[in-house]
Amino acid sequence: MGIGVWDHHLDLASTVRRWSEARGLRAEARRVLEFGADEVPPFWVEMAGLGWLGLAVGEDHGGQGGGLVEAAVAMEALGESCAPGPILPTAIVAAALDRGGGDPDTIRSLVEGRRTGGFAASSDLRLVTRDGASRVEGTCRAVWGGATADVVLLPVGGPGSASTGPDPATAGVAWVVVDAEDLTVEPVTSFDPTARVAHVTVDAPLPPDRVLRPPRPDAPIRLAEILAGAMAVGVAGWCVDTAAEYATVRVQFGRPIGQFQAVKHRCADMRVALEAARAAVWDAAGVFDDADEPGWDVAQGAAAALALEAGFRCAEDCIQVLGGIGYTWEHDAHLYLKRATALRALLPPVHDARIRVATAVADGQRRSLAIDLPDEAEPVRIRTRAFVEELRRHPTSEWRARLADAGYLAPHWPAPWGMDAGPVEQLAIDAELAAAGVRRAHLQIAGWVLPTIIGHGDAAQQERFVGPSLRGELTWCQMFSEPGAGSDLAALTTRAERVDGGWSITGEKVWTSMAQFADWGICLARTDPAAPRHEGIGCFLVDMRTPGIEVRPLRELTGTAMFNEVSLVDVVVPDDCLVGGPGDGWSCARTTLANERVSMASGSSFGPGVESLFALAADRGALGDRIVLDRLGALVVEAHAVAMLGVRATQRAIAGGGVGPEASVRKLLGVEHEQRVQEAGLDLLGADVAAADGESAVWTGGFLGNRALSIAGGTSEIQRNVIAERLLGLPKDP
């Protein structure tokens with residue numbers, strides 16, 4: 001997987017990767033590291049001929065006429081190879097000039113590889129007037145590609161300004177295009193020797209046509225953050241893959257180090273950071289050229305805050321996983337650490353991006369979630385509207401049953417219980433029902449139980465349970481977890497023994513939601529104690545009124561009792577309530593329908609928790625505190641990344657692609673994000689938390705309740721194991 005989602009993006013990434021490997025770009029990077037001076041790499045003309053320097057440049061200027069997503073896809077793939085030379089600054093300058101009214105001949109020369117570009121995010125340059133003419137003068141340190149650049153794009157403060165500061169997104173900033181002959185270049189030892197920088201001094205006239213007119217004063221820096229962020233994502237991707245591959249084969253203490261949970265969790269966290277950064281860069285690149293898009297600053301700030309940091313942290317962690325070999329000059333890991341560190345240093349600091357995002361949100365900006373559906377959705381929309389018109393002719397008390405019987409309650413399920421709806425149909429139905437204000441009942445535990453009955457039950461069981469449950473006539477609980485079998489469900493000890501006409505079940509279940517209200521429960525019990533632990537397990541449908549069942553509410557640390565302990569002593573379950581065969585319980589427990597549910601959240605890219613946090617900060621007068629804004633911004637970009645992971649998964653489903661990594665990453669990142677939101681609320685409340693009344697009670701209740709999020713349904717630790725083993729291929733524990 002990579003930044004791109006659509007097929008043409010995947011094809012582009014694959015092409016760049018194949019070409020990079022065939023041309024030995026990493027080997028070229030090592031040659032530059034060992035022997036190179038400031039020079040244009042030997043593959044430059046060929047690469048330019050492929051059009052990759054102009055992917056985000058209009059065709060009228062010699063470019064490919066694509067957008068920043070295409071350019072980001074290519075930069076990610078080139079970052080994976082640690083491609084040397086002034087690729088990034090040249091692409092940035094070409095795209096910025098294209099969008100800011102730059103000289104067409106200059107743009108075309110950059111795209112075609114006849115000239116190279118240099119770029120800096122800050123400088124000490126000044127605009128002055130001498131003898132009635134405008135001039136630019138001063139110095140600019142650490143210009144990307146400065147030593148080889150034929151043309152550089154530099155920020156300049158207004159008259160009398162000494163510096164633009166770390167982020168020249170301020171009034172009075174100008175962006176100027178300076179040719180090499182007007183520069184005095186001071187080559188310097190570069191931290192990343194494969195993508196060198198130089199100090200430059202400027203003292204030259206400034207004709208009006210050399211002043212860029214970008215759509216926003218900060219547009220060149222935002223563009224640079226996207227493309228540099230994409231390259232940093234490529235660095236992170238190489239580091240994640242390299243660390244995981246090494247952890248699979250490196251043996252210590254008689255085991256591959258990838259079996260040790262500490263290593264697994266480090267690798268899993270690397271993958272989470274990578275996927276969050278990919279999603280943010282993808283979104284920011286997609287809306288960059290629409291500055292009127294609601295939430296533009298949120299999207300751009302999220303990419304800046306996540307991508308450069310992900311490259312840096314993953315490079316650090318890669319060396320840590322590699323251990324001693326990662327610390328050697330011979331291993332390539334240090335090339336990627338240096339690249340990521342330099343990228344991070346050459347743009348405004350991450351906390352500036354977070355503060356910028358928080359300020360935009362405080363001012364009312366929101367990034368909305370929306371997907372344009374293809375034309376094939378229109379017939380589904382029309383049918384759904386007609387159904388809604390008919391539905392409104394009946395009392396609302398009948399709506400659930402009518403939705404269920406027509407297949408609209410779970411349209412992704414197979415007929416006759418659903419509509420066999422694919423991703424596009426599901427999204428079209430969701431959109432029409434939402435527009436009409438028709439809310440579908442939440443199936444609660446039945447949403448997990450019924451797919452098992454549909455997938456493994458017989459016709460009589462399906463007829464008996466599926467329809468009535470959809471209509472709300474039956475409610476369910478799930479009896480899986482036990483005191484000694486939580487995340488390790490296969491360790492269950494509840495036993496089911498054959499009796500005349502059925503099975504006798506005895507055991508203890510725990511963390512059973514809704515058991516005190518449920519009509520029926522789905523229960524796993526061991527039918528063959530001698531079988532391997534994942535075999536010899538049966539799946540039973542249990543009438544909760546059966547003698548021998550005792551439900552004891554389990555009071556949680558919140559003081560409430562949502563969960564229950566359930567004792568089963570000689571509970572007789574008839575044969576017709578065994579789902580599948582006596583040994584099919586494990587496959588039943590793992591069942592998901594082939595046609596998965598696809599949904600798309602609407603509204604803001606961050607939820608009510610973050611909204612409440614901003615309201616609390618405003619009430620407390622804390623929105624002027626940069627430390628508070630930094631923390632709020634970090635939570636916004638985290639929530640935004642979670643939302644964009646969902647959007648990407650939906651887009652991939654629409655495109656007919658396979659399951660991506662987003663689901664596992666979203667679960668881990670999402671639950672821990674919700675906990676961090678509540679913790680931030682407590683910190684804003686300060687001493688009022690101890691009183692726990694009024695407004696404080698809402699936040700303290702949420703804080704305590706959210707402790708369950710990282711435990712229920714598989715702990716965060718187990719989720720990290722899942723990511724490490726299933727997404728990264730690390731070995732399972734023996």
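The values are calculated or read from the model by the stated rules, or taken from the named source; none is laboratory data. Since the model is a prediction, treat every value here as computed from it, not as a measurement. When we count neighbours, we look across all protein chains shown, and the Cβ atoms used for this are built from the backbone with ideal geometry, even at glycine. All accessible areas refer to the heavy atoms of the entire protein, side chains included, with ligands and DNA or RNA removed. Shrake-Rupley method; radii C 1.70, N 1.55, O 1.52, S 1.80 Å.
For the stretch 362-398, give me each residue that is touching a Lys or Arg at 6+ places or on another chain (Cβ under 9 Å) and assigned to a helix (DSSP H, G or I). Within the stretch 362-398, PHE387, GLU390, LEU391 meet the criteria. Of all residues in the stretch 677-728, those satisfying the criterion of being assigned to a loop (DSSP other than H, G, I, E, B) and closer than 30 Å to GLY486 by Cα are LEU709, SER710, ILE711, ALA712, GLY713, GLY714, THR715, LEU728.
Taken together, the residues in the stretch 122-132 that are assigned to a loop (DSSP other than H, G, I, E, B), touching a strand residue (DSSP E or B) at 6+ places or on another chain (Cβ under 7 Å) and surrounded by fewer than 23 Cβ atoms within 10 Å (Cβ to Cβ) amount to 2.
Applying the criterion of being over 27 Å from ALA415 (Cα atoms) and among the hydrophobic types (A, V, I, L, M, F, W, C) to the residues of the stretch 563-593, the residue that is modelled with the lowest pLDDT is PHE563.
Against the criterion of being farther than 21 Å from ARG344 by Cβ, among the polar types (S, T, N, Q), at pLDDT below 95 and surrounded by fewer than 17 Cβ atoms within 10 Å (Cβ to Cβ), THR170 qualifies.
THR328 meets the conditions (1) over 20 Å from the mean Cα position of the chain (by Cα); (2) open to solvent by less than 40 Å² (accessible area, probe 1.4 Å) in every case but one. The failed one is (2). Can we say ALA247 is aliphatic (A, V, I, L, M), open to solvent by less than 10 Å² (accessible area, probe 1.4 Å), closer than 30 Å to VAL69 by Cβ and at pLDDT 95 or above? Against the criterion (aliphatic (A, V, I, L, M), open to solvent by less than 10 Å² (accessible area, probe 1.4 Å), closer than 30 Å to VAL69 by Cβ and at pLDDT 95 or above), ALA247 does not qualify. If only residues of the stretch 184-210 that are of a type outside the set (Gly, Ala, Ser) and farther than 17 Å from TRP144 by Cβ are counted, the one that is nearest to the chain's Cα centre (by Cα) is ARG210. How many residues does the stretch 551-565 contain that are in a strand (DSSP E or B) and loosely packed, with under 12 Cβ neighbours inside 10 Å? The qualifying residues number 0.
Could you grab the pairs with beta carbons closer than 8 Å, sequence gap of 6+ or different chains, first residue in the stretch 618-630 and open to solvent by less than 50 Å² (accessible area, probe 1.4 Å), second one hydroxyl-bearing (Ser, Thr, Tyr) and modelled with pLDDT of 95 or more? From the stretch 618-630, the pairs are LEU629/THR359. Take the conditions β-branched (Val, Ile, Thr), more than 17 Å from ALA195 (Cβ to Cβ), free of Cβ contacts under 8 Å to residues at least 60 places away in the same chain and assigned to a strand (DSSP E or B) and apply them to VAL136. Does it pass? No, not satisfied. Checking each residue in the stretch 1-54 for being part of a loop (DSSP other than H, G, I, E, B), of a type in the set (A, V, I, L, M), closer than 23 Å to TYR336 by Cβ and open to solvent by 10 Å² or more (accessible area, probe 1.4 Å) picks out MET1, ALA37, VAL40.
Within the stretch 257-273, residues that are among the acidic types (Asp, Glu) reach partners that are assigned to a helix (DSSP H, G or I) and modelled with pLDDT of 95 or more with beta carbons closer than 8 Å, at six or more positions or on different chains, in the pairs ASP269/ASP317.
Here GLU376 meets each of (1) open to solvent by less than 60 Å² (accessible area, probe 1.4 Å); (2) touching a residue at least 24 places away in the same chain (Cβ under 8 Å) with one exception, condition (1). If a residue has to be open to solvent by 10 Å² or more (accessible area, probe 1.4 Å), in contact with a helix residue (DSSP H, G or I) (Cβ under 7 Å, 6 or more places away or on another chain), touching a residue at least 24 places away in the same chain (Cβ under 8 Å) and more than 30 Å from ASP241 (Cβ to Cβ) to count, how many in the stretch 64-110 make the cut? Number of matching residues: 5.
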